[in-house]
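J.: Here's a structure for you.
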Amino acid sequence: MSDNFEPVIVGFLCNWCAYAGGDLAGVSRLQYPPNMRPIRVMCSGMVHPDIVVEALTQGADGVIVMG
Amino acid sequence: MTLSELIDVSGEAGNFTATVRQKPRYVDMEKCIACGQCSEKCPKKVDDEYNMGINKRKAAYIKYGQTVPLKYAIDAQHCLYLTRGKCRACEKFCPTHAINFHDSEKIFTFNVGSIILAAGYKPFDPTPYDHFAYQHAPDVVTGLQYERMLSASGPCMGHLVKPSTGKEPQKIAWIQCVGSRDRSRTTHSYCSSVCCMYAIKQALVTAEHTANKELQQTIFYMDIRSHNKEFERYYEDAKGKGIRFVRARPHTIEGGRNNIGVNISYCLEDGRTFIENFDLAVLSTGIEASEDVRMLAEKIGFALDQHGFVTTSSFDPVTSTTPGIFVTGAMQSPKAIPRAVTEASAAAAEASRALVSARGTLTRQKTYPPEHDVSGEKPRVGVFVCSCGINIASVVDVKQVVDYAHTLPYVVHVENNLFSCSTDAQEHFVHIIKSHKLNRIVVAACTPRTHEPLFQDTLREAGLNAYLLEMANIRNHNSWVHQKDPQRATEKAKDQVRMAVAKVSLNYPLKNLEVKVNPKALVIGGGVAGMTAAISLADQGHEVVLLERSERLGGNTWHINETWRGTPLRPLLEDMIAQVEGHPRITVYKNAQIKTCIGSVGNFVSKVEIDGEMRAVTYGAAVIATGAKEHRPTEYLYGQHPKVMTHLDFDAELRDHPAQVKTAQNVVFIQCVGSREPERPYCSRVCCTHSVQSALKLKELNPDMNIYVLNRDVRTYGEREDLYVKARERGVIFIRYEVERKPKASQNGGALAVDVFDPILQRDIQLPADYLVLASAIVPHDNHELVELYKCGQNEDGFLNEAHPKLRPVDMTVDGLFLAGLCNYPKPIDEAVGQAKAAASRANVILSKTTMELDAIKSFVTEKCDGCALCLDVCPYRAIKLEEYQRDGATHKRIVTDSALCKGCGLCQATCPKEGVYVHGFTLGQLKAQVHSALEAI
Amino acid sequence: MAEQPVGSIMVVGGGIAGIQATLDLAESGYYVYLIEKSTGIGGVMSQLDKTFPTNDCAM
């Protein structure tokens, strides 16, 4: 793996915690790499395993479910 | 209204004129977009009081990241321009021209029917405690400072360090009762009742904040007061995790060598003294009545008690002595969050009770144009990209995003706005939506968590369904967090817009559900809690059915003599029963038991067995107040010797045979009989106060009587501590015992005696006893049937559970059900009454509406469901049922979801192996569209 | 007690107790004035890191 590898990560963020946490990170200007594409869900429990598999097979380097 | 203070009240209950002074904010709330430019450019640094002075903030500031309202303010005491006439940097840089140095103090008068005081408390300031070196040693901090040090959003970002060196601490000590239970340095003889638990919490949470494996936490205490639901388990858990509890009140804290760390001097019960070195000392500072309360009291005329808390009574725990003025929270007495929240609801019930005839006269409803039908139309997507002044545009190349959005499928209109959230922008959007016949909208701006309702409203104004909107959060989740990488931030913004367009194209109109509400209430349990709830609900205008299992109302209160404040209970109880039985809107059924329940919030139907006959009862909400009972002990010769009694037995003895009690020479009380033991690991909360109160009663009857209270910790929390102080002054002797070394009761020819090890004398002693009073546990009734019936929860000890221990302390996990009194957890009468009023208030929120609107994000069943029922078990709200239906002459199965119970969490959707159930607005198709779209660029 | 009461209520203090009282009243048909001394609501609870006994985040 080369040093400049930039992973593409699909993130599922629970509206009530992780998504709110992401908002707070913004208000607090915490800096992090722009590799994740956020998808808001109403609960991390609604993320079907099939979606995770699909994301990976379609080329995502990682999937993060936060809740 | 922020920055506002109530300065005067005139008029009478039902019609007050309240005068409010609002200090200038110097920031126009309409214009401020909370971008933080003013704060960034402000040159003046000030101690941040929100973080207890641990760090600095600017003179242009917000209190904290999630402040509501999220609007900046200028601190007039420190602003350079307002104090010295020079600077105005914020004004220059504010992109929306929101800074207004001409802002001035305003006086408002409001006409209101009632006033609720919830002004809180002041954390005790330990600066005068010179023996604890708080001012001189940097490594001595207060509990609230430590709380900020631990907080991930606090000044240390959650990385715990010693203030002196910036290194991680290894040995941390907590000192309890700083500014509480202290009559030598302060006048605060009372217990602040929250510090024991917060110290234990901090000790436990500290371990999560440090990588240091050698971490040692020590708590110095006099009595651990973990007297609330699940608190005792928490305490036991802390002991199990190695937190060291030392029963000692340190007399001196000094800075360590070079003022790094601290040396704590203390003396144990057996008289041995120690000086021990720690890296950090946390002073568990207590609660103090604030000066504002005294000023308000003087102005309005309501009474305060000796400690400056607002005076209330046991049956009216939220009512001040001035009619129409109510009180809640720590202003009334020191208390933890659940009770403050409970009593806040109680105060709402009381404050509105007298105003029922005026309900709904001052609230307004908004109207919208009819909704345009978009079914059958091809998506016509409009994309609005917000610059947010420079908040987005300084990092993300907004023009590139706009150009890119034009290339996306179905997109027919794209534009860039300086501020998409401004009022004129909304009018513009309505115009654009109509003129371009847009039927799907994407707003690429900030977070939907704060702004989705605003834009949904705009869609409705334009005749579009509110759910045809998606937001792309290119500010909080992009420009603000990728400030150093504009190029990739722009790429990410394009991706976010593309994902939102992909999803919104699949969005379809959703209708918020409306459920008709039956305005009747059911109250189960006719004790003081149940009766209080019934009266409160009936006074709010609702028909109430009250069920009592036995043949008389009143429950346990018949057997108790007085409240902890010494108010005789019998007359109050008889009054209350008369009120319930005479109330035109309350129907009482005695010898009644609930047997079935169907339906959900707003519409329940139950069968009730009354004197053996079945009857149907319909109701929109229910309060469960089924109570609890006194445990019958099996130890200490209970049942074998007539003078061994429980509290209720002894109350009866005091009531019926006072002359006989008066002749007693020696009375022994044993605490925690059946509580805080492996088979019942909770504290029964009321028994310590009851014993102390009975002891005082005995001392009144005969001051020469010898009274011994054998205890494990004395838990006279809050202002009950004053009783404990009084009992010691009157000569009641308190002897502590360990659960591993319990006292032993024996009889010799009818003479009772108790053997116990005295930890101060360090030897066994024998106490003669004319009476042996056992502070027996409070145990729940068998709630099994009720739990089965309502599908509600109970804890391991059998007490019914609230939906959330802090924030929803009277709501049950099932919507429309509320609880009050002992069935929830042991508690004294004033707290049971407060909880009952709160339950009534919460039920009133439902019952006062003719229809209830539920949002549309709910599960729904698709054609593919084959009734495998995998989702039934995972649904946390029990909103899914299995049904049979006929098709082509055969019986099939499928699920049905109850929208009133469903919360839209989608656990069913994730569990279903065959796409048989989805959540509106978040279907598998919609989520997959976002995933595909996110990965399209690869 | 006034004969024709006013259908609005003032809540003084925007901490957790004041907020809860306000929500209950507003949701059951009364107009509420919530008065807070500082620049934002939330009170002391918002300053807490976590709450016992569940160790939930106080926010």
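The values are calculated or read from the model by the stated rules, or taken from the named source; none is laboratory data. Being a predicted model, the structure only gives us computed values, none of them experimental. Reconstructed Cβ throughout: ideal geometry from the backbone, glycine too, with neighbour counts over all protein chains shown. Only protein heavy atoms, including side chains, enter the accessible area calculation; ligands, DNA and RNA are left aside. Shrake-Rupley method; radii C 1.70, N 1.55, O 1.52, S 1.80 Å.
J.: Quick check on my filter: what residues within the stretch B:608-634 are part of a strand (DSSP E or B) and more than 34 Å from the chain's Cα centre (by Cα)?
T.: Selection gives B:Glu609, B:Ile610, B:Glu613, B:Met614, B:Arg615, B:Ala616.
J.: For the stretch B:160-168, indicate whether the set of residues that are within 11 Å of another protein chain (Cβ to nearest Cβ), closer than 18 Å to B:Gly718 by Cα and hydrophobic (A, V, I, L, M, F, W, C) is non-empty.
T.: Scanning the stretch B:160-168, I find no residue that is within 11 Å of another protein chain (Cβ to nearest Cβ), closer than 18 Å to B:Gly718 by Cα and hydrophobic (A, V, I, L, M, F, W, C), so the answer is no.
J.: Related question: Would you pick out the residues in the stretch B:438-451 that are modelled with pLDDT under 95 and touching an Asp or Glu at 6+ places or on another chain (Cβ under 9 Å)?
T.: Matches in the stretch B:438-451: B:Cys446, B:Thr447, B:Pro448, B:Arg449, B:Thr450.
J.: Here are the criteria: (1) more than 30 Å from B:Lys335 (Cβ to Cβ); (2) more than 14 Å from chain C (Cβ to nearest Cβ). Tell me which single one B:Ile175 does not satisfy.
T.: All conditions pass for B:Ile175, except number (1).
J.: Of the residues that sit in the stretch B:178-194 and are more than 21 Å from B:Glu729 (Cβ to Cβ) and open to solvent by 10 Å² or more (accessible area, probe 1.4 Å), which one is farthest from the other protein chains (Cβ to nearest Cβ)?
T.: Residue satisfying both the conditions and the ranking: B:Ser193.
One line per residue, one yes/no per condition, for (1) without any contact (Cβ under 8 Å) to a residue 60 or more places away in the chain; (2) part of a loop (DSSP other than H, G, I, E, B); (3) charged (D, E, K, R):
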| site | (1), (2), (3) |
| --- | --- |
| B:Ile54 | no, yes, no |
| B:Tyr81 | yes, no, no |
| B:His97 | no, yes, no |
| B:Ile115 | no, no, no |
| B:Pro155 | no, yes, no |
| B:Gly158 | yes, yes, no |
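J.: I'm checking my understanding of the structure. Among residues of the stretch B:232-243 that are open to solvent by 50 Å² or more (accessible area, probe 1.4 Å) and not in a helix (DSSP H, G or I), which one is farthest from the other protein chains (Cβ to nearest Cβ)?
T.: Out of the qualifying residues, it is B:Gly242.
J.: Right, B:Val20: of a type outside the set (D, E, K, R), part of a strand (DSSP E or B), at the interface with another protein chain (Cβ under 7 Å from one of its Cβ atoms) and surrounded by fewer than 22 Cβ atoms within 10 Å (Cβ to Cβ) or not?
T.: yes
J.: Within the stretch B:72-130, track down each residue that is open to solvent by 60 Å² or more (accessible area, probe 1.4 Å), under 25 Å from B:Phe419 (Cβ atoms) and within 14 Å of chain C (Cβ to nearest Cβ).
T.: Matches in the stretch B:72-130: none.
J.: Here's a follow-up. Does B:Val481 count as touching a residue at least 60 places away in the same chain (Cβ under 8 Å), under 26 Å from B:Gly36 (Cβ atoms) and open to solvent by less than 10 Å² (accessible area, probe 1.4 Å)?
T.: No: the conditions fail for B:Val481.
J.: Please specify each residue of the stretch B:711-731 satisfying the condition of being surrounded by 23 or more Cβ atoms within 10 Å (Cβ to Cβ) and aliphatic (A, V, I, L, M).
T.: Answer for the stretch B:711-731, where residues must be surrounded by 23 or more Cβ atoms within 10 Å (Cβ to Cβ) and aliphatic (A, V, I, L, M): B:Val714, B:Ala727.
J.: Right, something else. Sort out which residues of the stretch B:889-928 are aliphatic (A, V, I, L, M), open to solvent by 30 Å² or more (accessible area, probe 1.4 Å) and more than 9 Å from chain A (Cβ to nearest Cβ), and write them in order of number. Before the answer, list the steps.
T.: Keep residues of the stretch B:889-928 that are aliphatic (A, V, I, L, M), which gives B:890, B:895-896, B:900-901, B:907, B:910, B:917, B:919, B:924, B:927.
Cutting the leftovers down to open to solvent by 30 Å² or more (accessible area, probe 1.4 Å) gives us B:890, B:896, B:907.
Selection gives B:Ala890, B:Val896.
J.: Assess whether A:Asp61 counts as being over 27 Å from B:His920 (Cβ atoms), in contact (Cβ under 8 Å) with a residue 24 or more places away in the chain and charged (D, E, K, R).
T.: Judged against the criteria, A:Asp61 is a match.
J.: Among the numbered criteria (1) at the interface with another protein chain (Cβ under 8 Å from one of its Cβ atoms); (2) assigned to a loop (DSSP other than H, G, I, E, B); (3) under 21 Å from A:Gly67 (Cβ atoms), which single criterion is violated by B:Val931?
T.: (2)
J.: Quick test of your reading of the structure: B:Lys229 fulfils all but one of (1) outside any loop (DSSP other than H, G, I, E, B); (2) within 13 Å of chain C (Cβ to nearest Cβ). Name the failing condition by number.
T.: All conditions pass for B:Lys229, except number (1).
J.: Test of understanding: among B:Val833, B:Val779, which residue is more than 13 Å from chain C (Cβ to nearest Cβ), open to solvent by less than 30 Å² (accessible area, probe 1.4 Å) and outside any helix (DSSP H, G or I)?
T.: Result of the check over B:Val833, B:Val779: B:Val779.
J.: Of the conditions (1) modelled with pLDDT of 95 or more; (2) surrounded by fewer than 17 Cβ atoms within 10 Å (Cβ to Cβ); (3) more than 8 Å from every other protein chain (Cβ to nearest Cβ), A:Tyr32 clears all except one; give me its number.
T.: (3)
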